[in-house]
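Participant: First the structure, which I've put down as structure tokens, then a few questions once you've had a look.
What follows draws every value from the coordinates through simple rules; no lab data is involved. All figures in this text were calculated on a predicted structure; none of them were measured in a lab. FYI the Cβ positions are ideal-geometry reconstructions off the backbone, even for glycines, and counts take in every protein chain you see.
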Amino acid sequence: MRRIITATVLNRSGVLNRLTGLMTKRQFNIESITVGHSDEPSISKITIVVQVEDDRKLEQLLKQLHKQIDVLKVKDLTEMALVARELALIKVITTPETRSEIKVIIEPFRASIIDVSLENVTIEVTGDNDKVEAIIELLRPYGIKEISRTGLTAMPRGTQKTVYNLNQFSII
Amino acid sequence: MKASWVAEEEKGKVLKMSGADMLMEALEKEGVDVLFGYPGGAVLPIYDALYKKNIKHILTRHEQGAIHAAQGFARVTGRAGVVIATSGPGATNLVTGIADAMIDSLPLVIFTGQVATSVIGTDAFQEADIVGITMPITKHNYQVRKVEELPGIIKEAFHVAQTGRPGPVLVDIPKDISTSIGSYKPANEVDLPGYQPTTMPNLLQVKRLADAIVQAKKPVILAGAGVLFAKAEEEILALAEQHRIPVTNTLLGLGSFPADHPLFLGMAGMHGTYASNTALHECDLLINIGARFDDRLTGNLAHFAPKATVAHIDIDPAEIGKNVETLIPIVGCAKHTAAALLRESPTSGDTAEWVYQLAELKNTYPLWYKNEGEVLKPQRLLEIIHEETNGEAIVTTDVGQHQMWTAQYYGFAKPNRWVTSGGLGTMGFGFPAAIGAKIGKPELPVVAVTGDGGFQMTLQELSVLQEMKLPVIIVIVNNQSLGMVRQWQEIFYEERYSESLLPVQPDFVKLAAAYGIEAASVTTEEDARAKFAEALDSKAPYLLDCRVASDENVYPMIAPGKGIHQMIGVKP
């Protein structure tokens with residue numbers, strides 16, 4: 001199953017290496033990982049999208065991440081109400097005929113063209129995975145030259161439903 | 001010296017000193033009185049600072065010897081073993097010991113030299129990325145980037161190594177950090193918001209366990225090394241006696257419960273006793289205290305404790321539920337938890353029949369071997385060592401047959417006398433570990449039980465033994481083979497002894513003589529006893545080459561992939 005996990009970590013050298021290293025060592029498959037500063041420069045926020053087999057594996061992962069000295073907090077956001085976004089840059093081959101067509105296609109996605117040359121345009125799109133996948137599929141027939149994706153970053157929504165499934169994580 | 005800088009600090013003056021001197025100050029502040037190490041280019045400034053100090057340094061003949069010695073020291077004293085090695089090969093030679101300490105939770109603080117910060121990353125002479133290399137095998141590690149950071153990092157390193165679930169912490173110090181002068185500010189507190197080990201148990205869970213104890217007809221306590229680290233032996237004994245619960249040990253937990261106690265079942269696991277493994281298979285309540293359900297204990301997980309409610313007490317939450325599904329998880333140190341459990345469980349379950357049943361099994365199916373013929377049996381050898389030392393010596397081993405025979409037949413009467421490489425299973429561990437153990441506990445007799453294979457991996461430390469005149473007795477259980485490999489080849493590979501026989505060996509007696517160490521080679525029970533007694537009396541280094549039956553196997557045994565109830569080689 002696919003889980004979205006955030007880790008709040010001390011911004012010390014090697015901290016990303018520690019987390020990815022432990023996930024490699026314990027055979028967790030990282031789908032994407034994003035890192036950035038939080039509101040405090042000494043603290044970073046890491047968002048990991050990961051595939052795990054079952055609840056027990058998930059619990060192991062959360063505990064192992066938490067065990068790292070530089071990790072302050074670990075949260076599995078998957079079951080929570082959350083906002084999750086990634087940014088993708090897509091370079092599409094264009095001809096004078098297709099250029100306006102592409103413009104129309106990307107509009108409902110609230111994507112924008114951020115670079116234009118004679119042979120191609122670069123499109124910036126932000127959204128959850130499904131949205132990014134959808135726009136890529138729509139643009140594919142025109143010929144995609146290059147894609148660069150940031151991976152997901154996420155945050156729980158300000159308002160949450162009050163019931164959480166906490167039964168197996170009570171001992172952390 | 002100390003008083004003067006404290007005074008100066010109070011006056012608001014700042015003391016200037018080199019990084020190497022700061023390291024020495026910080027080590028003294030931590031109460032470190034012995035270091036295990038090996039010098040080299042990148043640690044020259046550190047060794048120069050050490051020259052002026054009154055801290056004992058054990059110069060082993062290989063860095064691996066230094067770290068295993070530090071492990072032995074840590075195991076018997078409960079304090080962090082401190083290691084120094086130079087950059088590059090010095091540091092990489094420590095890797096086996098670091099991994100060993102990590103998996104067996106031994107507190108170590110390791111200082112490695114590093115090339116100067118200006119050339120890090122340029123593949124400079126004797127450069128190795130030891131921080132990267134040891135990241136997965138340390139509890140935490142550091143590279144010092146500013147000289148002023150040193151006291152704080154060292155304080156943290158000792159704190160992290162020795163608290164919670166202990167483990168190795170490595171501090172990498174570039175050469176220019178050692179030489180550069182900075183203002184020295186002693187670190188008095190650690191600030192680690194991400195590291196707050198839980199030692200006090202959740203009372204709700206403790207009460208659940210207390211209820212389970214009342215309900216249980218067939219409870220068993222599995223005591224692991226966590227009991228020893230927490231010094232919880234008395235509490236576990238009280239708990240077992242109060243509720244009449246039989247106790248079994250993991251390999252590393254041996255000594256946490258008196259071997260001669262009527263409630264003790266022996267070691268459990270691959271080469272455990274029939275009573276222990278049957279207890280684990282049949283129990284209705286399994287109370288794991290400070291063990292990590294290692295695969296050599298559990299065998300095939302599908303058949304492990306199938307009828308039991310599992311309670312797991314561990315200071316490391318990540319161990320709970322990792323291998324075995326746990327109904328009653330308790331995060332906390334063994335001592336506090338056992339004490340809380342004693343308070344919270346006034347009533348016991350009715351275990352009389354279960355205790356009787358297991359005592360019967362213990363009597364009917366004890367550990368056994370055929371003591372026949374002239375040739376010395378290795379099991380008998382270990383019994384003799386037990387008898388001569390009353391089970392009170394510190395005994396160290398490597399990994400393999402001699403390790404299992406020691407675990408089975410030595411019979412540890414007291415805690416913290418058993419030093420072995422459990423999780424990693426490191427050949428060559430036992431002898432250097434014995435050196436560290438003797439330095440840590442000079443008042444106790446120390447016996448290094450090794451195999452003829454493992455001893456040849458770290459025998460260079462004979463120099464240290466002789467130099468320091470340490471009365472360590474080396475017992476080589478010499479079966480002229482890599483015994484456990486040979487045993488598996490006999491049982492599982494149709495006796496194809498591929499590269500496991502060592503017919504050509506040095507004359508160990510002459511080898512010892514070359515180092516100036518007394519030695520003897522024995523082939524019979526009588527000689528073994530006489531020479532061992534002589535060695536014990538001599539209060540000097542001694543090597544005893546014991547030529548034992550070379551075809552002897554370790555039994556009983558759970559074959560790999562089999563369940564804990566499928567033992568072979570049980571006494572008929």
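Participant: If the cut-off is a Cα-Cα distance under 27 Å, which lysines reach B:K469, setting aside same-chain residues fewer than 8 apart in sequence?
Facilitator: Counting by Cα, and skipping residues close in sequence, B:K469 has these lysines nearby: B:K52, B:K53, B:K56, B:K414, B:K438, B:K441, B:K510, B:K531, B:K539.
Participant: Positive end of the dipole of chain B, charges at C-beta (+1 Lys, Arg; -1 Asp, Glu), about the Cα centre: which of B:Y47, B:P432, B:A540 has its Cα farthest in that direction?
Facilitator: B:Y47
Participant: Restricting to DSSP H runs of at least four residues, report the calculated mean residue ellipticity at 222 nm for chain B, -39500 (n - 2.57) per run over all residues, nearest 500 deg cm²/dmol.
Facilitator: Using -39500 (n - 2.57) per qualifying helix, the result is -11000 deg cm²/dmol.
Participant: Let me ask something else. Let me confirm one metric for peptide B:313-320, namely the mean number of other chain beta-carbon atoms within 10 Å of its residues' beta-carbons.
Facilitator: Mean partner-chain Cβ count within 10 Å for B:313-320: 4.
Participant: Could you tell me what percent of the DSSP beta bridges with both partners in chain B are antiparallel, to the nearest 5?
Facilitator: Details: 7 of 72 bridges.
Restricted to chain B, the bridges split so that about 10 percent are antiparallel.
Participant: Further question: How many angstrom lie between the C-alpha centres of region A:1-31 and region B:459-523?
Facilitator: 44
Participant: Next question. Once the Cα atoms of helix B:430-440 and of chain B are each reduced to a long axis, what angle between those two axes, in degrees from 0 to 90 to the nearest 10, is obtained?
Facilitator: 70
Participant: How big is D, in µm² s⁻¹, for chain B by Stokes-Einstein at 37 °C and 0.692 mPa s if Rh is the Kirkwood radius over C-alpha pairs?
Facilitator: It comes out at roughly 133 µm²/s.
Participant: For the pair B:W488 and B:D129, what calculated FRET efficiency results from E = 1/(1 + (r/R0)^6), where r is the Cβ-Cβ distance and R0 = 35 Å, to the nearest 0.05?
Facilitator: Working: r = 36 Å, r/R0 = 1.03.
Working from the Cβ atoms, E equals 0.45.
Participant: Give the peptides B:197-206, B:535-544 in descending order of average Cβ contacts within 10 Å, highest first.
Facilitator: Ranking the peptides B:197-206, B:535-544 by packing returns B:535-544, B:197-206.
Participant: Averaged across the residues of A:57-69, what count of C-beta atoms belonging to other chains lies within 10 Å of each residue's C-beta? Don't skip to the answer; put the middle values down first.
Facilitator: Values: counts 1, 0, 5, 5, 1, 2, 7, 3, 1, 3, 10, 4, 13.
Other-chain Cβ atoms within 10 Å of each residue's Cβ, averaged: 4.
Participant: Name the residue farthest towards the positive end of the dipole of the protein assembly as shown from the options B:Y515, B:N479, B:Y356, assuming +1 on Cβ of Lys and Arg, -1 on Cβ of Asp and Glu, about the Cα centre.
Facilitator: Sorting the options by dipole projection puts first B:Y356.
Participant: For the protein assembly as shown, with the dipole built from +1 on Lys and Arg beta-carbon atoms and -1 on Asp and Glu ones, taken about the Cα centre, which of B:V375, B:V169, B:N202 lies farthest toward the positive end?
Facilitator: Farthest towards the positive end: B:N202.
Participant: Under a straight-distance cross-link criterion of Cα-Cα below 20 Å, which lysines are reachable from B:K370, leaving out those fewer than 8 residues away in the same chain?
Facilitator: Answer for B:K370, where 20 Å is the Cα cut-off: B:K362, B:K571, listed by chain and number.
Participant: Please average, across the residues of A:6-15, the number of beta carbons from any other chain that are within 10 Å of each residue's own beta carbon, and give a whole number.
Facilitator: On the way: counts 0, 0, 2, 1, 3, 0, 2, 4, 6, 1.
If you average over the peptide's residues, the count of other-chain Cβ atoms is 2.
Participant: Please give the contour-minus-distance gain from A:H37 to A:K73: 0.36 nm per residue of separation, less the Cα-Cα distance, rounded to one decimal in nm.
Facilitator: Numbers: separation 36, 0.36 × 36 = 12.96 nm, distance 1.46 nm.
Stretched out fully, the A:H37 to A:K73 stretch lengthens by 11.5 nm.
Participant: Taking just the alpha carbons, could you work out the radius of gyration and Dmax for region B:181-318, both in angstroms?
Facilitator: 17.8, 67
Participant: Take the Cα radius of gyration of region A:2-76 and divide it by 2.2 N^0.38 Å, with N its residue count; two decimals is plenty.
Facilitator: The value comes to 1.01.
Participant: I've got another one for you. Among the lysines, which fall within straight-line cross-link reach of A:K103, defined as a Cα-Cα distance under 24 Å, with same-chain neighbours fewer than 8 residues apart omitted?
Facilitator: A:K91, A:K131, A:K145
Participant: Would you please state the base-10 log of I(q)/I(0) at q = 0.11, 0.13, 0.17, 0.19 1/Å for region A:83-154, with intensities from the Debye formula using one equal scatterer on every alpha carbon?
Facilitator: Scattering profile of region A:83-154, log10 relative to I(0): -0.23, -0.32, -0.55, -0.68.
Participant: At 7 Å along Cα-to-Cβ for each site, give me the label-to-label distance between B:K370 and A:S112 in nm.
Facilitator: Modelled inter-label distance: 8.8 nm.
Participant: Which value, in Å³ per residue, describes the convex hull spanned by the Cα atoms of region B:2-184?
Facilitator: Numbers: hull volume 18.8 nm³, N = 183.
Convex hull of Cα atoms, per residue: 103 Å³.
Participant: While we're looking at this one, here's another question. Provide, for region B:125-245, the number of lysine pairs with alpha carbons under 28 Å apart, each pair being eight or more places apart or on different chains.
Facilitator: 15
Participant: Can you compute 3J(HN,Hα) from phi for each residue in region A:105-119, using the Karplus curve 6.51 cos²θ - 1.76 cosθ + 1.60 with θ = phi - 60°, rounded to whole Hz and x for Gly and Pro?
Facilitator: 4, 7, 4, x, 7, 6, 8, 9, 8, 10, 8, 10, 9, 5, 9
Participant: Let me ask something else about it. Taking only Cα atoms, what is the 0 to 90° angle, nearest 10, from helix B:483-492's long axis to the longest principal axis of chain B?
Facilitator: Helix B:483-492 sits roughly 50 degrees off the main axis of chain B.
Participant: Can you tell me the dipole magnitude for region B:2-184 around its Cα centre, using point charges on the Cβ only (Lys, Arg +1; Asp, Glu -1), in Debye to the nearest 20?
Facilitator: Value, rounded to 20: 380 debye.
Participant: Sticking with this one: Testing the spin-label approximation: label points 7 Å from Cα along Cα→Cβ at A:S148 and B:I181. State their distance in nm.
Facilitator: If labels sit at A:S148 and B:I181, their model points lie 4.8 nm apart.
Participant: Just the Cα atoms of region B:378-555: what Rg and Dmax do they give in Å?
Facilitator: Reported Rg and Dmax, both Å: 15.0, 47.
Participant: Quick one: Karplus J couplings for region A:30-37, per residue in order, coefficients 6.51, -1.76, 1.60, θ = phi - 60°, nearest Hz, x for Gly and Pro?
Facilitator: 7, 7, 8, 8, 10, 9, x, 5
Participant: Of the listed peptides A:79-89, B:65-75, B:125-135, B:260-270, what is their order by residue-averaged count of other C-beta atoms within 10 Å, with the highest listed first? Numbers along the way, then the final one.
Facilitator: On the way: A:79-89: 15.7, B:65-75: 31.5, B:125-135: 18.0, B:260-270: 20.5.
Sorting A:79-89, B:65-75, B:125-135, B:260-270 by mean packing, highest first, produces B:65-75, B:260-270, B:125-135, A:79-89.
Participant: Here is a follow-up. Calculate the length of the line joining the C-alpha centroid of region B:197-257 to that of region B:425-458, in whole Å.
Facilitator: Each part's Cα centre sits 30 Å from the other's.
Participant: What are the semi-axes of the equivalent ellipsoid for the protein assembly as shown, taken as the square roots of 5 times the Cα gyration tensor eigenvalues, largest first, in whole Å?
Facilitator: 49, 35, 26
Participant: Between B:Q196 and B:E499, what is 0.36 nm times their sequence separation minus the Cα-Cα distance? Round to one decimal in nm.
Facilitator: 104.3 nm
Participant: Explain nothing, just the number: dipole magnitude of the protein assembly as shown about its Cα centre with +1 on each Lys and Arg Cβ and -1 on each Asp and Glu Cβ, in debye rounded to the nearest 20.
Facilitator: Once rounded to the nearest 20, the dipole reads 1300 debye.
Participant: Moving to a separate point now. From the backbone phi of region B:217-227, what are the Karplus-calculated ³J(HN,Hα) couplings (6.51 cos²θ - 1.76 cosθ + 1.60, θ = phi - 60°) in whole Hz, Gly and Pro given as x?
Facilitator: Once rounded to whole Hz, the list reads 9, 10, x, 9, 9, 9, 9, x, 5, x, 5.
Participant: What is the distance in Å between the Cα centres of region B:536-556 and region B:13-65?
Facilitator: The distance from the Cα centre of region B:536-556 to that of region B:13-65 comes to 37 Å.
Participant: Starting from 0.36 nm per residue, how many nanometres of slack lie between B:N188 and B:K307 once their C-alpha separation is accounted for? Display every interim value, and only then the final one.
Facilitator: Details: separation 119, 0.36 × 119 = 42.84 nm, distance 5.03 nm.
The B:N188-B:K307 span can extend by a further 37.8 nm.
Participant: Go through B:115-122, B:448-455, B:43-50 and give me the packing order, highest mean Cβ count within 10 Å leading.
Facilitator: Working: B:115-122: 14.8, B:448-455: 28.1, B:43-50: 20.9.
Per-residue Cβ counts within 10 Å, averaged per peptide and sorted highest first, yield B:448-455, B:43-50, B:115-122.
Participant: Which distance in nm do the two modelled labels at B:S463 and A:R157 give, with both placed 7 Å along the Cα-to-Cβ direction?
Facilitator: Taking the two extended label points, one gets 7.0 nm.
Participant: What is the antiparallel percent of DSSP beta bridges lying wholly in the protein assembly as shown, to the nearest 5?
Facilitator: Just about 45 percent of them are antiparallel.
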